[in-house]
Every structure is written in structure tokens, then in C-alpha cells.
1. For the cross-link pairs Lys34/Lys154; Lys4/Lys201; Lys194/Lys341; Lys101/Lys341; Lys201/Lys341; Lys34/Lys194, which exceed 28 Å when the distance is taken from alpha carbon to alpha carbon?
2. Hey, what D do you get for the stretch 120-227 in µm²/s if you plug the Kirkwood alpha-carbon radius into Stokes-Einstein at 4 °C and 1.567 mPa s?
3. Once you have a ≥ b ≥ c as the square roots of the Cα gyration tensor eigenvalues for the stretch 1-68, tell me rounded if a/c is under 1.5, and otherwise prolate or oblate according to whether a/b is larger than b/c.
4. Under 16 Å Cα to Cα from Lys258, which lysines show up? Leave out anything in the same chain fewer than 8 places away.
5. Students often forget the sequence filter, so: which aspartates and glutamates lie under 18 Å Cα-Cα from Lys317 once same-chain residues fewer than 8 apart are removed?
6. Can you give the log10 of the normalised intensity I(q)/I(0) at q = 0.18, 0.21, 0.27, 0.28 Å⁻¹, computed with Debye over equal Cα scatterers of the stretch 103-176?
7. Among 187-198, 11-22, how do they line up from the highest to the lowest mean number of other beta-carbon atoms within 10 Å?
8. Using mean Cβ contacts within 10 Å as the protection proxy, how do 326-333, 95-102, 304-311 order, highest first?
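Where a number appears in this text, it was derived from the coordinates with a stated rule and is not lab data. As the structure is a computational prediction, the values presented were derived from the model and not from experiment. Positions of Cβ are generated from backbone atoms using ideal geometry, with glycine treated the same way; all protein chains shown enter the neighbour counts.
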Amino acid sequence: MISKLPLTQNINAARDPVNLEAYEANHGYQAARKAVLEMSPDDCLQVVKDSGLRGRGGAGFPTGMKWSFVPMNTDSQGNNVSDGHKYLICNADEMEPGTFKDRLLMECDPHQLIEGMILSAWTIQADVAYIFIRHEYHFASKLLQDAIDACYAKGYLGKDIFGSDFNLELYVHSSAGRYICGEETALISSLEGKRANPRAKPPFPQISGLWGRPTIVNNVETLCNITHIIRNGAQWYKTLGIGQDHGTKLFGVSGRVKNPGCWELPMGTPIRELIEQHAGGMQDGYKLRGFLPGGASTDFLVEEHLDLAMDYDVIGKAGSRLGTGTMIILDDKTCPVGMTKNLVEFFAQESCGFCTPCRDGLPWSAQVLDDIESGNGIPADLNTLQNQVRFIGAIGNTIVL
């Protein structure tokens, strides 16, 4: 029987993290073996496209479409891209406040991620891959390295994988620990040993990424999905969602709820179900005032949005973003100004300093919010904050997106 909760089917809080033997006992690495020995990269790409998988790192860009931009023979200038490396990078930085889903996957089932990376590398014909992991994730880093070593020993990584002529070297790279490294071009800059500044696009990383070579950067959860899509097929994957988007998603809730945590649920699960059923509703004595649907960088939604589906486009039309799908609750006894100030202070500290509106505007905004919170605000402060939102948002869209 095919599991309806593919990402967490091996995860059990009462057991140790899944090792190679246990992973293989539950069909582990069968999809990778099948793809490398029986499917062409084009075949794998088509399955991923047909599945409708969207990136789980926050932006929700279609994964198959993103991969299709990688040149397989020549680049846009006609240069032969087979004469050099192609890179696959797993973004495991997870520095978004309120987000903890990727840690669950890495610490409980590391081989699922590795198999997903083998499949993804085969599809784009990458021969070198990196797991760019948050510095504080020491336990996850150790588990991943142990899992990688076990795969090398069995011939699942390195030269001539599964007896084929496909080669893949996989490395764990500890991040410098900055929020901006979650943006793919800043991540690439950091991996190259440079300051973690975002790069202007184009050129996009699929054409010119790590050390100027074709590069794909995907989130942990995105790559874990690949294993199950290739093994079970695109049509199976489409049946998992109950809304506009396909598959399942790791949703989380933090804040003053009775049962904060992380759950794998169908895409399109209503917000109300997530908060009231899975998170147990608000703690006694507290009422819901609002929530950030997908991490600290998403916009607040309120009670009138509770019956919306947790889908990318649905949340987008409501004026926010699905983001990482990990919700932060604002209760009626927490000051919205104080909560916002706390978040803005974090982003001010984590600014890479590349753009003036962000570098100078975020500390200014934090100071204005602090004045309001302490009772020293003036009406003109609201105009100042509105202007900062416009300036910082405009430069972000121009440089990063």
C-alpha cells in the first residue's frame, strides 16, 4: 500500500533516526536505482513536471519548470556545458523565524533527502552536490554525514553509481549562519567563500550559478518529494492534495496554541483545521488575533481568513504568502506592535547590507516601532513606516527577484 503521507512515513518519535538498512527495508533507494538504470533524465524531468510539484522553500515556483532551464548540452552562448561541472545545492539553511520543518526531515530520515538529491542530480545531470545546512543544526549535520558515508560504502554515491556511468559527489557544507543565505544567489555567493550578497538576475543560477556553472538550488522538503514522485508517479502525487496545489506539505504552528508542532497534511488543508484540530486551538484564556501563515517574512492574516486553503495562490490572493507553511500565531494578549518590532529587529540584524533601503531602512523601522511601543510615537510615524515598506519592497523585487 502506498502511503498517503510519504514524507513522514518513516518518522516515529519513539525510534532512532532511520539508518540505511531501515530505509532500504521500506523501498529506500529503489527509485534512484530505477531512474539511473532505466529512465533517461528527460523521462525523470517530465514526471516531475507532470506532478505539479512547487518549491517548498517559500516561493512555490514549479520545480520541473525550474529544472528545465538547465542547459543539457549547450548554453545560451553555444558553449558545451558538458565540459565542466553542473551543481545541485540543497538549501537546508532554514533561518526563517518560526520554521522548523526541514530539521524534522533531516534529523529523522536523512536518507530520504539523499535519495531525492541523487534523483535530482541525475535529472539535471549534476555531478557535484552540496547540502548547505544551517550552522546550528549540529545533530542533523552529523546524521547526514553518517548517511552519506554509508551511501559511499554501498556505491550509491561516488563513481559509477548503481554500476552505471553516473557519478555524483555529495558534501555537507555548514552555513555561516545568516538569514540572507536562504536566498539562492546569496547562498551561492557564500558557498564560493564570498560575502553572502544576493546577485542580480539574469543570469539565473540555472545558467550561471556556482562558480559560473549551471546550478539548481532546491529546499530540503522539495528534494524529499522527488523520491516519492519518481517511485509512485505524477498522477499518484496529484491525488494527495485537496486544493489547487498537489502533494502534501509539512505545516507547522507555533505560538499560544495547545499543541504546537509540525504535521504532514494535504496541500489545501484549511487554516482552521490546522489551528483548531491539529494545533488544538488557542490556549485557555487566549484568543486568536492574527497569524503569519508561512514564517516571519509573510504578511498577517486574521480570523476572517481561517477558512482559506493553505495553497500558494489562495494565500497570495488574500494578501500574504504561503511561504514555508509554518504558522506563527498572534494572540489577543500580545501587542502587534511589539511582535512586529521583534521581527523587524531580526531582519535588521540579518540584512546583508547590499541595498541602502534595507540596510538603513530596517534599523530605522525598528526604532520607529520601538518609539510607538514605548508610548513615544507620533502620527507621522505611520507614514514613515508605510514609506519604508514601499522602498524596501521595491528594491527587494528589483535586486533579488
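1. Working: Lys34/Lys154 16 Å; Lys4/Lys201 38 Å; Lys194/Lys341 30 Å; Lys101/Lys341 25 Å; Lys201/Lys341 31 Å; Lys34/Lys194 38 Å.
Distance filter (> 28 Å) returns Lys4/Lys201; Lys194/Lys341; Lys201/Lys341; Lys34/Lys194.
2. On the way: Rh = 14.9 Å.
Once the numbers are plugged in, D ends up at 87 µm²/s.
3. Working: a/c = 2.57, a/b = 1.42, b/c = 1.82.
Oblate shape, in that a/c is at least 1.5 and b/c is the bigger or equal ratio.
4. Of all the lysines, those that pass the test against Lys258 - Cα under 16 Å, at least 8 places apart if same chain - are Lys287, Lys333.
5. By straight Cα distance, Lys317 reaches Asp245, Asp299, Glu303, Glu304, Asp307.
6. -0.67, -0.89, -1.30, -1.36
7. Details: 187-198: 18.4, 11-22: 13.1.
Ranked by mean Cβ neighbours within 10 Å, highest first: 187-198, 11-22.
8. Numbers: 326-333: 19.5, 95-102: 21.8, 304-311: 17.4.
Answer by packing, highest mean first, reads 95-102, 326-333, 304-311.
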